[in-house]
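Below: the structure, in structure tokens.
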Amino acid sequence: MDEKQKLEHFQHKIDNGEKIEPKDWMPDRYRKQLIRMMSQHAHSEIVGMLPEGNWITRAPSLKRKLTLLAKVQDEAGHGLYIYSGTETLGVCRKDLIDQLLEGKAKYSSIFNYPTLSWADIGIIGWLVDGAAIVNQTMLARTSYGPYSRAMVRICKEESFHKKQGHEIVAKMADGTPEQQKMVQDALNRWWWPTLMMFGPHDSDSPNSAELMQWGIKLKSNDELRQSCIDRTVAEAHAMGLEIPDPDLEFNVETEHWEHGDIDWDEFWNVIKGNGPMNHERMKARRKAHDDGRWVREAAEAYARKKKLRSEKAS
Amino acid sequence: MKNDHSTDDTQWPLWEVFTQKKSGAPHEHAGNLHAADAEMALQNARDVYTRRNEAVNIWVVPSKHIVASSPEDAGPFFDPANDKIYRHPQFYEVPRAVKKRARSRT
């Protein structure tokens, strides 16, 4: 088969809903786009541990502490599933991690905002993870097999993340005036960055058309954002919380909540590395990596010693 | 893949992980991970792939030992099975009455 036939066959498989597997032929651009998207996704899971890990020692009860520990551990697992998937495209995991540590790789802009109070932990679970689920439910049907399988696994675990956050938010929204104020304040701070998680409007998203043609993405940024808003507004109102958008309005014809303008200057600024926590996150990530060096070296030395011993014995 | 560096603090070898959901079920591919040795591969596999009792047993295999058939040759490779429909029960016709009796028994 020549390139053109291969490409046709490839597109035909995708249009038929078949999955592309690591050893299948794929266009270079498909491979590149996936490596870019999946590695950014994996990095996001890993960096996402930092804002929450910040609150483990200050969780208000043992139950919340256990939950938060389990959740942060899950995020590490999610990062590993997706790094695994990315490696099937022929990249080396160490290179991906080096790119992150050197500040050359991107990760979700949402993690460059600070977690100022305990209510932020609830809001991250309910709102931010809720938004992530909208995106990840779509990605569970993506055309690349290893990515899709990792997403199926992740979606199952994310529903625990969202629910534990929802419980925290609902408890606080139903609590003392101080708690109510605290949780409303957290929602006010996280609402707009959460809407930005879905990326620029479709008209400003140059990659979207190609990603959708290849079945990597099945819905556009704006569609995903809308579905997240519709779901969240109903839940917020049920808890007596106010969405910090004076222009938010329900359109009876389309049955969608229409939001006000998103501050895209802020979005691009954070993406470029100037968000409130970009510097701090990378510093913490590099420190964790450096502090773990002796463990990695010790494990390797131990494995070498054991191998040598068993070779001598035989 | 560049998995066999010899310097310190580098990437550990890659292992494929297979998990058995319950006793009697087959082992299925769950994903892969990096580990310095087999023991660590098993422990990491437990922590990465079975945090919610997803398995009763785990296999780990160094990825470099996996040999896979190639998708491009799938046609000729699986060809020997293509024209042997007589290997399937649907190929055969049996008298109707016998079929019925078989069904009423189950």
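The values are calculated or read from the model by the stated rules, or taken from the named source; none is laboratory data. Worth saying up front: this structure is predicted, and the values here are computed from it rather than measured. Backbone-built Cβ (ideal geometry, glycine too); neighbour counts: all protein chains shown. Just so you know, the surface numbers come from the protein's heavy atoms only, side chains and all, with ligands and any DNA or RNA stripped out. Shrake-Rupley method; radii C 1.70, N 1.55, O 1.52, S 1.80 Å.
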Discussion item. Any residue at all in segment A:161-179 that's within 14 Å of another protein chain (Cβ to nearest Cβ) and either closer than 30 Å to A:W25 by Cβ or not in a helix (DSSP H, G or I) (or both)?
Written reply: no
Practice prompt. Enumerate the pairs (first residue in segment A:76-92 and farther than 15 Å from A:A140 by Cα and at the interface with chain B (Cβ under 8 Å from one of its Cβ atoms); second residue anywhere and crowded, with 18+ Cβ neighbours inside 10 Å and of a type in the set (A, V, I, L, M)) with beta-carbon separation below 6 Å, excluding pairs fewer than 6 apart on the same chain, so at least 6 apart or on different chains.
Written response: A:G77/B:V48; A:L80/B:V48
Worksheet, complete the sentence: Filtering segment A:78-135 down to residues that are among the small types (G, A, S) and within 24 Å of B:T10 (Cβ to Cβ) yields A:G79, A:S84, A:G85, A:G90, A:G103, A:A105
Response to the item:
Of (1) more than 14 Å from chain B (Cβ to nearest Cβ); (2) within 25 Å of B:G31 (Cβ to Cβ), A:S117 satisfies every one except (2)
Response to the item:
Scanning segment A:94-114 for residues that are within 14 Å of another protein chain (Cβ to nearest Cβ) and open to solvent by 10 Å² or more (accessible area, probe 1.4 Å), the one nearest to A:K283 (Cα to Cα) turns out to be A:L101
Worksheet item: Out of all the residues in segment B:1-28, which are outside any loop (DSSP other than H, G, I, E, B) and either at pLDDT below 95 or in contact with a Ser or Thr (Cβ under 7 Å, 6 or more places away or on another chain) (or both)?
Response: B:L14, B:W15, B:E16, B:T19, B:H27, B:E28
Worksheet item: If A:G260 satisfies every condition in (1) in contact with a Pro (Cβ under 9 Å, 6 or more places away or on another chain); (2) over 15 Å from A:Y107 (Cβ atoms); (3) in contact (Cβ under 8 Å) with a residue 24 or more places away in the chain but one, which is the exception?
Response: (3)
Worksheet, complete the sentence: Scanning segment B:49-70 for residues that are part of a loop (DSSP other than H, G, I, E, B) and polar (S, T, N, Q), the one farthest from the other protein chains (Cβ to nearest Cβ) turns out to be B:N53
Practice prompt. Kindly indicate the residue of segment B:31-48 that is at the interface with another protein chain (Cβ under 8 Å from one of its Cβ atoms) and assigned to a helix (DSSP H, G or I) and also surrounded by the most Cβ atoms within 10 Å (Cβ to Cβ) among those meeting that condition.
Written response: B:V48
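Let's see how each residue does on (1) more than 17 Å from the chain's Cα centre (by Cα); (2) more than 14 Å from every other protein chain (Cβ to nearest Cβ); (3) surrounded by 17 or more Cβ atoms within 10 Å (Cβ to Cβ):
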| site | (1), (2), (3) |
| --- | --- |
| A:I14 | yes, yes, yes |
| A:I20 | yes, no, yes |
| A:L34 | no, yes, yes |
| A:S39 | no, yes, yes |
| A:I46 | no, no, yes |
| A:P60 | yes, yes, no |
Worksheet item: Which residues, counting only those in segment A:41-70, are farther than 23 Å from A:C155 by Cβ and part of a helix (DSSP H, G or I)?
Response: A:I56, A:T57, A:R58, A:L62, A:K63, A:R64, A:K65
